[in-house]
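As structure tokens, the structure follows; a few thoughts come after it.
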There are 2 protein chains.
Amino acid sequence: MTPEKTVARLSLYRRFLKIAKEDGVDNVYSHQLAEMVRSTPAQVRRDLMILGYNGSPQKGYDVAELIKHIDTFFNTEKIIDVILVGVGNIGRALLSYFRDGKSHIKIIASFDKDETKAGRVINNSRCYAMDDLKNIVAENNVKTAILSVPATDAQSIADILVENGIRGILNFAPTRLKVPSDVFVEDVDITMNMEKVIYFSAGKKK
Amino acid sequence: MTPEKTVARLSLYRRFLKIAKEDGVDNVYSHQLAEMVRSTPAQVRRDLMILGYNGSPQKGYDVAELIKHIDTFFNTEKIIDVILVGVGNIGRALLSYFRDGKSHIKIIASFDKDETKAGRVINNSRCYAMDDLKNIVAENNVKTAILSVPATDAQSIADILVENGIRGILNFAPTRLKVPSDVFVEDVDITMNMEKVIYFSAGKKK
DNA sequence: TTCACACTGTGAATTTTGTAACAAAATACT
DNA sequence: AGTATTTTGTTACAAAATTCACAGTGTGAA
Ligand SMILES: NC(=O)c1ccc[n+]([C@@H]2O[C@H](COP(=O)([O-])OP(=O)(O)OC[C@H]3O[C@@H](n4cnc5c(N)ncnc54)[C@H](O)[C@@H]3O)[C@@H](O)[C@H]2O)c1
Ligand SMILES: NC(=O)c1ccc[n+]([C@@H]2O[C@H](COP(=O)([O-])OP(=O)(O)OC[C@H]3O[C@@H](n4cnc5c(N)ncnc54)[C@H](O)[C@@H]3O)[C@@H](O)[C@H]2O)c1
């Protein structure tokens, strides 16, 4: 399987390739792409190897073609439907973030235990009661969820998600979820990120 | 210098140690800590080595003592002052997130170019006009910033931050900032995180 | 037609990260 | 006291990720 790091970088490459394409750039060299994402040419070429798409020594990589290959790799020619559970501060921010149609990721429904939220449309996405989760996930064959409930509730909600067929979770709660090995969890841990910044910027230890 | 991964894990260990302490746990073994953070005992012991604090073979690690050593490592016995630029959707969520005094990270001021926000107190943190940034950063000797402005403005604001003595930036904009080598940038790239989830959960490729 | 050039793709070398193994230490039991 | 047990700290080993370095290639200038 492709290493996580490579997958992450491929996602980055594509973002910058799309910007370049908008700007009318037709082809890029590995060193240009490296410059864009603050990496190295060797790293870029190594990563692109796994796409099975070859650039040419003369023209570098065809931007449109490369984007297409990354799309294929991610299997995102089609829109990916996602649900979000926990329409609080961060949940609402995320709804707004993914609202712009630019992305191929679409939050088709959100859920909250707060009955006053359920039924309302928040940031273009209808908020449902937790009881509706089962049906909506099943009907839309949703496989991916964003989890933004308080840490105390994260595990129990994760259990419900898994039970209903969710296979991938983007988790914002500062907890380490326990899930079956065939479910992928990606933690977004902002406190940890912040502490890294503080550590590495203080004194800038070598 | 301590590897990034280790620093990240030390932050995690501390979080769970604090929870354990709250629960009245006095000492932990490496395998218990590993269980909490979903890691391995060997990894835990290896990480803790760099703290220069030794557990005992019989009692494992003293929870309070270990927390203290991690605090020392992070140099966070004292409160760390941080500023935030860009009081939009995600900015407000972050203000709320760090608002609870539990953390040793404190957002002492936020900034926005929007004049209607400047002057108001949002989530316990006063929002200032950009013009005030220079003085507030200098007066409080702030070294760390959270950047949550639109991608189009991120680089120019980063330049201002660096100019005013900021040495570490937690960046939420989907851009790769160009900063001097003695400034540390940590990117929080949610689209990328989401794409990782989608990739690794789809079909669960091996 | 040949040459010089600038770049790719990829094995090999290097560096980084994680895992396993085990001697040494502390306790409890006999 | 001596022995069995448990867990640590550290070293040795393995795996993964990154970087190096260079042969191979199409292009255009001479
Ligand atoms: N706010 C941030 O910037 C931020 C940053 C990083 C991580 N987080 C984490 O994200 C999570 C949410 O943070 P927040 O600031 O949005 O909190 P919040 O309190 O504003 O929102 C939580 C939401 O989840 C809902 N909820 C609670 N229990 C639920 C349950 N069992 N089922 C369904 N919905 C439930 C609540 O009704 C509320 O709407 C927390 O775990 C927090 O630690 C937040
Ligand atoms: N909303 C999310 O959940 C989310 C998630 C990930 C990343 N992001 C990124 O975070 C950034 C902010 O997102 P958002 O959703 O909060 O956007 P937003 O538009 O709600 O907020 C942006 C804020 O920045 C302020 N601002 C704009 N230009 C500025 C400048 N030059 N100087 C000072 N302040 C300025 C605006 O007045 C506004 O208050 C964006 O780069 C976005 O891509 C957002």
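Within region A:63-94, take every residue that is touching a His at 6+ places or on another chain (Cβ under 9 Å) and in a helix (DSSP H, G or I) and give me the one that is nearest to the other protein chains (Cβ to nearest Cβ).
Result: A:Phe74.
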Search region B:26-49 for residues that are on the phi > 0 side of the Ramachandran plot and pair each with any residue that is modelled with pLDDT of 95 or more and within 16 Å of ligand 1 (Cβ to nearest atom) when their beta-carbon atoms are under 7 Å apart and the residues are at least 6 apart or on different chains. B:Arg38/A:Arg176
Report yes if B:Leu51 is outside the structural domain of B:Gly24 (by TED's automatic domain parsing) and among the hydrophobic types (A, V, I, L, M, F, W, C), otherwise no. no
Whichever residue in region A:51-62 is assigned to a loop (DSSP other than H, G, I, E, B) and more than 11 Å from DNA strand D (Cβ to nearest atom) and, among such residues, is nearest to B:Thr175 (Cα to Cα): A:Leu51
Conditions: (1) of a type outside the set (Lys, Arg); (2) away from ligand 2 (no atom under 16 Å from the Cβ); (3) in a helix (DSSP H, G or I); (4) surrounded by fewer than 16 Cβ atoms within 10 Å (Cβ to Cβ). A:Leu48 meets all but one. Number of the miss? (4)
Among the residues listed as B:Ile146, B:Ile160, B:Ile136, the single one being free of Cβ contacts under 8 Å to residues at least 40 places away in the same chain, assigned by TED's automatic domain parsing to the domain that holds B:Gly88 and of a type in the set (Val, Ile, Thr): B:Ile160
Could you tell me whether B:Gln58 is at pLDDT below 95, more than 16 Å from ligand 2 (Cβ to nearest atom) and away from chain A (no Cβ under 13 Å)? yes
When you look at A:Tyr199, is it farther than 22 Å from A:Lys5 by Cβ and either touching a helix residue (DSSP H, G or I) at 6+ places or on another chain (Cβ under 7 Å) or of a type in the set (A, V, I, L, M) (or both), yes or no? no
Of all residues in region A:59-70, which are without any contact (Cβ under 8 Å) to a residue 60 or more places away in the chain and either assigned by TED's automatic domain parsing to the domain that holds A:Ile166 or of a type outside the set (D, E, K, R) (or both)? A:Gly60, A:Tyr61, A:Val63, A:Ala64, A:Leu66, A:Ile67, A:His69
Given the structure, is B:Asp182 more than 7 Å from chain A (Cβ to nearest Cβ) and under 26 Å from A:Ala202 (Cα atoms)? no
If A:Thr152 meets every condition in (1) within 8 Å of another protein chain (Cβ to nearest Cβ); (2) over 19 Å from the mean Cα position of the chain (by Cα); (3) surrounded by fewer than 16 Cβ atoms within 10 Å (Cβ to Cβ) apart from one, which number is that one? (1)
Selection from region A:62-79 of residues aliphatic (A, V, I, L, M) and modelled with pLDDT under 95 yields A:Ile79
Taking strands (runs of 3 or more DSSP E) that do not extend beyond region A:95-206, which have at least 2 residues that are in contact with a Pro (Cβ under 8 Å, 6 or more places away or on another chain)? none
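The values are calculated or read from the model by the stated rules, or taken from the named source; none is laboratory data. All values derive from a computational prediction rather than experimental measurement. Every residue, glycine among them, receives a Cβ derived from its backbone with ideal geometry; neighbour counts consider all protein chains shown.
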